[in-house]
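Accompanying notes for the structure given below.
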Amino acid sequence: MFGRVASPDWECGQFSALEGIEFRTRWEHNSGKIDDAAYASRLDALQDAWMYAVFGDSTVTPSLREAQRVAADGVDPDDPAFLAAKGAVSQACDAAGSIVSMGALPEMGG
């Protein structure tokens, strides 16, 4: 990636990875597979991932940068501002012709 501009597909792949981590973490917490401390720890790590994610300069980049800015305040999956920012990234990925996908754990039906 160094010296090159990231494509929307690459950036949306990065976003998919972050969304997948959040999706699986939330499911594991709601299912009792991880306790509150582990859940909080994973959300802290996810916030770090958002803060240090490398993005390029594509049509998707502005929405990713906004989501990154909002993530600085925490990555609470129920926070309206964070949900709106992530929704804008999904829309930008869709408009760029890229997809956002998340993998499920086997016990989730994946």
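Odds and ends about this structure:
- Helix 80-95 axis versus longest C-alpha principal axis of the chain: approximately 50°, rounded to the nearest ten.
- The angle between the Cα long axis of helix 61-71 and the main principal axis of the chain comes to about 30°, on a 0 to 90 degree scale.
- With R₀ fixed at 41 Å, the C-beta to C-beta distance from Asp36 to Ser7 puts the FRET efficiency at about 0.60.
- Helix 8-30 vs. the chain, principal-axis angle (Cα, 0 to 90°, nearest 10): 10 degrees
- Other residues whose C-beta falls under 12 angstrom from the C-beta of Asp35 contribute a net charge of 0, scoring Lys and Arg +1 and Asp and Glu -1.
- Normalised by residue count, the chain yields a Cα convex hull volume of 101 Å³ per residue.
- Take the Cα radius of gyration of the stretch 50-93 and divide it by 2.2 N^0.38 Å, N being the number of residues; the result is 1.06.
- Inter-part distance, the stretch 17-42 to the stretch 55-93, computed on C-alpha centroids, equals 19 Å.
- Sites Gln91 and Trp27 - FRET efficiency at Förster radius 22 Å, r taken between beta-carbons, to 0.05: 0.40
- Amide hydrogen neighbours beyond the local backbone of Gly56, cut-off 5 Å, H modeled: Ala6
- Mean separation of Cα contacts under 8 Å, 6 or more apart, over the residue count of the chain: relative contact order %: 37 percent
- Cβ-to-Cβ counts within 10 Å put Leu105, Leu43 in ascending order as Leu105, Leu43, the fewest first.
- Given charges at beta-carbon only (K, R positive; D, E negative), |dipole| of the stretch 30-110 in Debye: 240 debye
Quick note: the coordinates plus some simple rules give every number you see, no bench work behind them. Worth saying up front: this structure is predicted, and the values here are computed from it rather than measured. Methodologically, a virtual Cβ is constructed for each residue, glycine included, from the backbone with ideal geometry; neighbour enumeration extends over all protein chains shown.
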